[in-house]
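The values are calculated or read from the model by the stated rules, or taken from the named source; none is laboratory data. Remember, predicted model here, so these are calculated numbers, not experimental data. Quick reminder, even Gly has a Cβ in these numbers, built from the backbone with ideal geometry, and neighbours come from all protein chains shown. Remember, those area values only see protein heavy atoms, side chains included, never the ligands or the DNA or RNA. Shrake-Rupley method; radii C 1.70, N 1.55, O 1.52, S 1.80 Å.
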Amino acid sequence: MKDIWQEIRDAGGLTPPVREQICRSYRGRGEKALAAVDGGLVRKYDDFFVVTGCSDEYIVEDDFCTCKDFIYRGRCCWHILAVQIAVAAGSYQEKDGWYIDRWKMIR
């Protein structure tokens with residue numbers, strides 16, 4: 001059986017059956033992740049992926065996220081899932097520059 005990420009790549013994007021599978025597999029987290037991808041809330045900087053959440057921006061790198069859900073539970077949050085979906089679908093905003101430089105300016 002193909003994994004969902006390969007199915008997204010093979011289908012050339014987020015087809016309705018793939019979206020259904022994500023929602024079935026990840027439930028609420030899948031729905032939030034798809035909404036973030038659809039809303040253009042996943043951005044790739046030179047150093048990190050960043051996902052805009054409800055109350056803040058969260059840095060995602062590989063299987064780590066700076067959100068409280070990930071920090072306390074230590075499991076995949078919807079921000080990580082959104083990055084995985086966006087990468088497989090090629091559906092994220094590319095930003096020139098380093099997020100850490102932007103972060104220093106806004107903090």
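Results, tabulated for the structure shown:
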{"quantity": "Solvent exposure, largest accessible area first (probe 1.4 Å, DNA, RNA and ligands not counted), of Ile85, Ile59", "calculated": "Ile59, Ile85"}
{"quantity": "Accessible area (Å², 1.4 Å probe, nearest 10) - Asp10", "calculated": "90"}
{"quantity": "Global form of the range 34-107, assessed from the alpha-carbon gyration tensor, a/c cut-off 1.5", "calculated": "oblate"}
{"quantity": "On Cα atoms only, tilt of 16-38 relative to the major axis of the chain in degrees", "calculated": "20"}
{"quantity": "Accessible area (Å², 1.4 Å probe, nearest 10) - Leu41", "calculated": "60"}
{"quantity": "Protein accessible area in the chain, 1.4 Å probe - carbon and sulfur %", "calculated": "51"}
{"quantity": "Candidates Ala88, Ala11, Ala36: whichever shows maximal mean-square fluctuation once the chain is modelled as a Gaussian network with Cα springs under 10 Å", "calculated": "Ala11"}
{"quantity": "Label-point gap, in nm, between Glu94 and Tyr72 - each point 7 angstrom along Cα→Cβ", "calculated": "3.8"}
{"quantity": "Equivalent ellipsoid, the range 1-58 (semi-axes from 5 times Cα gyration tensor eigenvalues, Å)", "calculated": "22, 15, 9"}
{"quantity": "Local electrostatic count, Cys23, Cβ distance below 11 Å [Lys/Arg +1, Asp/Glu -1]", "calculated": "+3"}
{"quantity": "Theoretical gain in end-to-end length, Glu31 to Trp5 [0.36 nm per residue, Cα-Cα removed]", "calculated": "7.8 nm"}
{"quantity": "Proximal aspartates and glutamates relative to Lys32, as straight alpha-carbon distance under 19 Å, when same-chain residues fewer than 8 apart are discounted", "calculated": "Glu20, Asp56, Glu57, Glu61, Asp62, Asp63, Asp69"}
{"quantity": "Rounded to the nearest 10 Å², the accessible area of Tyr92 at probe 1.4 Å", "calculated": "70"}
{"quantity": "Heavy-atom SASA rank of Phe48, Phe64, Phe70 (probe 1.4 Å, accessible area, largest first)", "calculated": "Phe64, Phe48, Phe70"}
{"quantity": "Pair Asp46, Asp101: separation of 7 Å Cα→Cβ label points (nm)", "calculated": "0.5"}
{"quantity": "Rounded tilt (10° steps) of 78-89 against the dominant C-alpha axis of the chain", "calculated": "60"}
